[in-house]
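To start, the structure under review is shown below, and the notes come after it.
Since every read-out is calculated from the coordinates, none of them should be taken as a lab result. All values reported here derive from a predicted model rather than from experimental measurement. Glycine also receives a Cβ, built like all others from the backbone with ideal geometry; neighbour counts cover every protein chain displayed.
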């Protein structure tokens, strides 16, 4: 399923529902992803200043993959550089 993410609050809410569907409490999800309970709670409640690396660790642990859609007007040079990152 693809969902267009608009903000941190929406992404946190999605992570929360996925976590709950896996019967994980916040503490366990935090331990499995190398994060603490406070971080999980803040992220799930939409805190805008969460550290992105920690978000990626949690999403990976939950099995959530993120994709980005690049603007269609990128030059071939820019696309080539992006492909080699």
## Note on the structure
Residue pairs qualifying under the 9 Å Cβ cut-off, at least six apart or on distinct chains, with the first in segment 40-51 being within 11 Å of residue 15 (Cβ to Cβ) and the second being in a loop (DSSP other than H, G, I, E, B), are 43/35; 43/50; 46/7
### Matching residues, segment 18-34, being free of Cβ contacts under 8 Å to residues at least 12 places away in the same chain and on the phi > 0 side of the Ramachandran plot
23
### Task
For segment 1-41, enumerate the residues that are assigned to a helix (DSSP H, G or I) and crowded, with 18+ Cβ neighbours inside 10 Å.
8, 11, 12, 15, 16, 19, 26, 29, 30, 33, 39, 40
#### Entry: In segment 42-68, the residues that are outside any helix (DSSP H, G or I) and in contact with a helix residue (DSSP H, G or I) (Cβ under 9 Å, 6 or more places away or on another chain)
45, 46, 47, 48, 49, 50, 51, 63, 64, 65, 66
